[in-house]
Ligand SMILES: C[S@@+](CC[C@H](N)C(=O)[O-])C[C@H]1O[C@@H](n2cnc3c(N)ncnc32)[C@H](O)[C@@H]1O
């Protein structure tokens, strides 16, 4: 990391990103700033953090973005930028033209006018950065910037096309009510660095249905530890055998074991190798009974109900999913064509209120022609194979009772 050097364009009064990169990773950083007050404050901050050996703050002229603002005979690893979002005639509080006494939205930016306003808005600012990058080319390995508006992203992706810049990518940052976009491009060849395969999060462009889906809670199996399954490691061994048996491909997600006691992977199944539904449907077809049956609600709280519902629906494929989705876990979720089920799986230990150590499997649907039903039948398969059906049943009946009590309390109140 110590050989890495970055440029933060428009570092602001705190100079926060250069300080973080220097402090955490030991990177060399340059922060550029146009506003005198912010520049002076940034310099003070660097000095008071004793990071002046690694961080340099450069005062630049308005109108320069990259070219002419940093020494050009050096080679840099990356640029980053949180550009001034608004153009002069926009209202910094509402992101629109001034409109009387409207209340600012919850995601209104907090920053002084000097920090947030630039001629031409962020599009012109980043366009200048893009043009500078064409000139500087490989002197900077990866160019990145944040964008505050989706329209800017669309515009700039088009500008990439015009300039034949193919090695680029974008991702979303969603926090609460605020969405921002990260854009990255490089002039290195894809053999050296392929940005198009970098992990991304892309939800807001999806249909409403997909967004709701992404918000759905994961399917879970929680059960007390017991002989042969006392910790994550042991459960993972058993699951691996099951995946193998079911011909499910496993792509491990490399979570730092020092930082996490969890095991995460992505599962990919080309066909349904676990449910009874297929067999039953084939039998039904042979008996030439009507193939369409009403699909019961298989996502009810009660697991035995779920199993019955699944059996009754013969592994119904009625809830076929659109073939593209992504969840905010950093995994690239471009669907594999023809996959029956792709899901993320997290295995870990938990110590709930009752102090009884438990193991938990969380499964998050990503995509696949089998839809959520496929995930649910796979969950049922694991419940049976791990021999935890009785516990899950008891657990869900307790949950059901609690839920009924809550509903009753609510009714009594009204
Ligand atoms: C939205 S603020 C970002 C501040 C900080 N990087 C952050 O993320 O908190 C944009 C900053 O860019 C500065 N700025 C505007 N035009 C600039 C330019 N041409 N070169 C360098 N900085 C500029 C503004 O003064 C402001 O501090």
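The values are calculated or read from the model by the stated rules, or taken from the named source; none is laboratory data. The shown structure was predicted, so the numbers you read here are calculated from the model rather than taken from an experiment. Note that we place each Cβ from the backbone using ideal geometry, even for glycine, and neighbour counts take in every protein chain shown.
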Completion exercise
(1) near the ligand (Cβ under 8 Å from one of its atoms); (2) part of a helix (DSSP H, G or I) all hold for residue 20 apart from (1)
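Looking at 55, 43, 65, which is the one that is more than 9 Å from the ligand (Cβ to nearest atom) and under 32 Å from the mean Cα position of the chain (by Cα)? Walk me through it before giving the result.
Details: 43 fails: under 32 Å from the mean Cα position of the chain (by Cα); 65 fails: more than 9 Å from the ligand (Cβ to nearest atom).
The conditions single out 55.
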Practice task
Mind counting the residues in the range 75-89 that are part of a loop (DSSP other than H, G, I, E, B) and either at pLDDT 55 or above or within 12 Å of the ligand (Cβ to nearest atom) (or both)?
Solution key: 7
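With the structure loaded, tell me whether residue 133 is on the phi < 0 side of the Ramachandran plot and at pLDDT below 95 or whether it fails that test.
no
From the list 353, 400, pick out the single residue that is within 31 Å of the chain's Cα centre (by Cα), surrounded by fewer than 20 Cβ atoms within 10 Å (Cβ to Cβ), at pLDDT below 85 and not in a strand (DSSP E or B).
On the way: 400 fails: within 31 Å of the chain's Cα centre (by Cα).
None of the others qualify; the one that does is 353.
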Completion exercise
Given the conditions (1) at pLDDT 90 or above; (2) within 20 Å of residue 65 (Cα to Cα); (3) within 25 Å of the chain's Cα centre (by Cα), every one holds for residue 139 apart from (3)
Exercise for the section: Find all pairs meeting these conditions: Cβ atoms under 6 angstrom apart; at least six residues apart or on different chains; first residue within the range 27-40 and over 7 Å from residue 57 (Cα atoms) and part of a loop (DSSP other than H, G, I, E, B); second residue modelled with pLDDT of 95 or more and more than 8 Å from the ligand (Cβ to nearest atom). Expected result: 27/6; 27/21
Problem - Verdict on residue 25 being away from the ligand (no atom under 12 Å from the Cβ) and either surrounded by 19 or more Cβ atoms within 10 Å (Cβ to Cβ) or at pLDDT below 95 (or both) - result: yes
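Residues in the range 175-185: is at least one closer than 23 Å to residue 125 by Cβ, touching a strand residue (DSSP E or B) at 6+ places or on another chain (Cβ under 9 Å) and at pLDDT below 90?
To start, the set of residues in the range 175-185 that are closer than 23 Å to residue 125 by Cβ comprises 175, 178-185.
If we keep only those that are touching a strand residue (DSSP E or B) at 6+ places or on another chain (Cβ under 9 Å) as well, we get 179-185.
Those still in the list that are at pLDDT below 90 too: 179.
Yes, the range 175-185 contains a residue that is closer than 23 Å to residue 125 by Cβ, touching a strand residue (DSSP E or B) at 6+ places or on another chain (Cβ under 9 Å) and at pLDDT below 90.
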